[in-house]
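Peer 1: A single structure is presented below for examination.
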Amino acid sequence: MAIGIKDIAVYLPSGRESNLDLASRFDVTEDFLANKIGVVHRTTRSPGQETSDMAFEALEQLLRQGKVVRDEIQVMIVVTQNPDSRLPHVSGLLHARAALPKQCATFDLSLGCSGYVYGLSVLTSFMQANGLEKGVLITCDPYSKIVDPEDKNTVLLFGDAATATLVGADPVLVPASFDFGSQGDATGSLHERDGRLHMNGRDVFNFAATVVPGSVTATLEKAGLDREDIDVYLFHQGSRYIVETLTKRLKLDSAKVRIDINDTGNTVSSSIPLLLAKELHNTIAQRILLCGFGVGLSWASCICQRTEKTHGNH
């Protein structure tokens with residue numbers, strides 16, 4: 001029985017901050033904001049709004065979309081590195097607030113920008129190993145908790161969002177041909193210390209530009225596909241410049257590569273599902289390659305294949 005993605009819900013908090021208001025303070029131009037980092041506005045959580053609050057909004061939106069009811073959810077994973085507190089895990093808090101069944105397994109996955117792809121593999125594998133039929137993968141990593149508002153390298157880049165992905169039988173998209181990797185000796189390039197985020201942007205860019213093309217190539221080889229066989233490429237939205245660099249280095253058709261960061265910012269583990277939600281019912285996209293990369297430093301890629309049942313339905 002194929003297990004895969006059935007539905008995706010998105011929650012963007014109502015708060016929005018404009019990088020244009022910060023341009024003069026950080027001595028950057030509107031062109032730099034729009035065309036280099038690619039972020040003009042950032043979504044930000046409300047004061048006091050916690051990680052579990054945002055995750056709850058995404059889960060409730062998924063339930064409203066009607067493909068699952070709460071009593072059917074058998075497992076829920078929350079991908080975050082910025083929880084409400086060290087204990088308990090966010091998924092436990094969310095389990096209680098959403099009134100999920102006591103038989104529902106819940107746990108957190110401590111990963112950042114690669115977390116959605118890792119999460120898909122962990123959740124589908126967990127479900128198949130335990131004979132489960134309906135699971136939910138939540139992403140929520142509000143970096144506004146740890147970004148220094150005086151740090152030009154980070155404050156202009158990161159935004160807050162949460163997503164909820166329904167995984168189960170009779171899917172729309174089946175993820176496969178996963179490729180994973182870690183570069184633990186470079187963890188210092190992106191880390192939190194004393195409650196503040198520190199990022200060496202050049203190091204992170206060089207990491208992505210050198211590692212990601214190899215991961216994409218390995219994923220295609222596992223699937224027995226060429227680059228032209230992929231209809232849509234969804235890279236983690238680290239910045240516009242990173243995505244455009246990867247497009248050039250891999251010699252991809254830019255029309256197949258999505259860039260959508262202008263009004264949200266880099267939403268960490270939520271950036272790929274934010275993009276994927278828009279492609280879920282785009283039947284032109286029969287094969288979608290996902291690639292997340294960043295904090296860890298880690299990376300993960302896979303290919304989502306549209307199932308025959310949804311093939312050609314417009």
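Peer 1: Assuming R0 = 22 Å, what is the FRET efficiency of GLU133 and ASP229, from their Cβ-Cβ distance, to the nearest 0.05?
Peer 2: 0.15
Peer 1: Ok, one more. Sort segment 150-200 into rounded, prolate or oblate with this rule: let a ≥ b ≥ c be the square roots of the eigenvalues of the Cα gyration tensor; rounded if a/c is under 1.5, and if a/c is not under 1.5, prolate when a/b is larger than b/c, oblate otherwise.
Peer 2: It comes out oblate by the Cα gyration axes.
Peer 1: So which helices of the chain fit the span-like rule, where a helix is a whole DSSP H run, its Cα atoms reach 18 Å or more along the axis, and its mean Kyte-Doolittle is at least -0.5?
Peer 2: 51-64, 115-130, 201-223
Peer 1: Continuing with the same structure: Within straight cross-link reach of LYS36, meaning Cα distance under 19 Å, which aspartates and glutamates are found once same-chain residues fewer than 8 apart are removed?
Peer 2: GLU17, ASP21, ASP27, ASP151, ASP203, GLU244, ASP260, ASP263
Peer 1: Can you tell me the dipole magnitude for segment 52-143 around its Cα centre, using point charges on the Cβ only (Lys, Arg +1; Asp, Glu -1), in Debye to the nearest 20?
Peer 2: 140
Peer 1: In the structure displayed, which of LYS6/LYS102; LYS6/LYS251; LYS102/LYS278; LYS145/LYS251 lie more than 26 Å apart, Cα to Cα?
Peer 2: With Cα atoms farther than 26 Å apart: LYS6/LYS251; LYS102/LYS278; LYS145/LYS251.
Peer 1: In addition: Does segment 168-314 classify as rounded, prolate or oblate by the C-alpha gyration tensor (a ≥ b ≥ c root eigenvalues; a/c under 1.5 gives rounded; else a/b over b/c gives prolate, otherwise oblate)?
Peer 2: Taking the square roots of the gyration eigenvalues as a ≥ b ≥ c, segment 168-314 is prolate.
Peer 1: Over what distance in Å are the Cα centres of segment 37-83 and segment 118-147 separated?
Peer 2: 12
Peer 1: How much of the accessible area of the chain, probe 1.4 Å, is carbon plus sulfur, in whole percent?
Peer 2: Whole-percent figure for carbon plus sulfur exposure: 49.
Peer 1: I would also like to ask the following. Could you state the accessible area per residue of segment 206-267 in Å², with a 1.4 Å probe and every protein chain left in place?
Peer 2: Solvent-accessible surface per residue comes out at 42 Å².
Peer 1: Where Lys and Arg each count +1 and Asp and Glu each count -1, what net charge lies around PHE235 among other residues with Cβ under 12 Å from its Cβ?
Peer 2: Value of the local net charge: +2.
Peer 1: Now for a separate question. Calculate for the chain the 222 nm mean residue ellipticity that helices alone would give, adding -39,500 (n - 2.57) per DSSP H run of length 4 or more and normalising by residue count, nearest 500 deg cm²/dmol.
Peer 2: After summing the helix terms and dividing by the residues of the chain, the value is -8500 deg cm²/dmol.
Peer 1: Quickly rank 143-152, 17-26 as a protection proxy: mean count of other C-beta atoms within 10 Å, highest first.
Peer 2: So the peptides 143-152, 17-26, ranked by packing, come out 143-152, 17-26.
Peer 1: Does segment 1-98 come out rounded, prolate or oblate by the C-alpha gyration tensor, with a ≥ b ≥ c the root eigenvalues, rounded set by a/c under 1.5 and, if not, prolate when a/b is larger than b/c and oblate if not?
Peer 2: It comes out prolate by the Cα gyration axes.
Peer 1: Solvent-accessible area per residue for segment 2-103 at a 1.4 Å probe radius, Å²?
Peer 2: 49
Peer 1: Using 0.36 nm times the number of residues separating LYS251 and ASN35, minus their current alpha carbon distance, what extension gain do you get?
Peer 2: Taking 0.36 nm per residue and subtracting the Cα distance, the gain is 75.8 nm.
Peer 1: Let me ask something else. Give me the dipole magnitude in Debye, nearest 20, for the chain about the Cα centre, with unit charges on the beta carbon: positive for Lys and Arg, negative for Asp and Glu.
Peer 2: 300
Peer 1: Can you tell me the FRET efficiency between ASP260 and GLN183 if r is taken as the Cβ-Cβ distance and R0 is 30 Å, rounded to the nearest 0.05?
Peer 2: Efficiency, rounded to the nearest 0.05: 0.65.
The values are calculated or read from the model by the stated rules, or taken from the named source; none is laboratory data. For clarity, every value in this text was computed on a predicted model and none was experimentally measured. Glycine also receives a Cβ, built like all others from the backbone with ideal geometry; neighbour counts cover every protein chain displayed. For the accessible areas, the whole protein counts, side chains as well, though only heavy atoms, and no ligand, DNA or RNA atoms are used. Shrake-Rupley method; radii C 1.70, N 1.55, O 1.52, S 1.80 Å.
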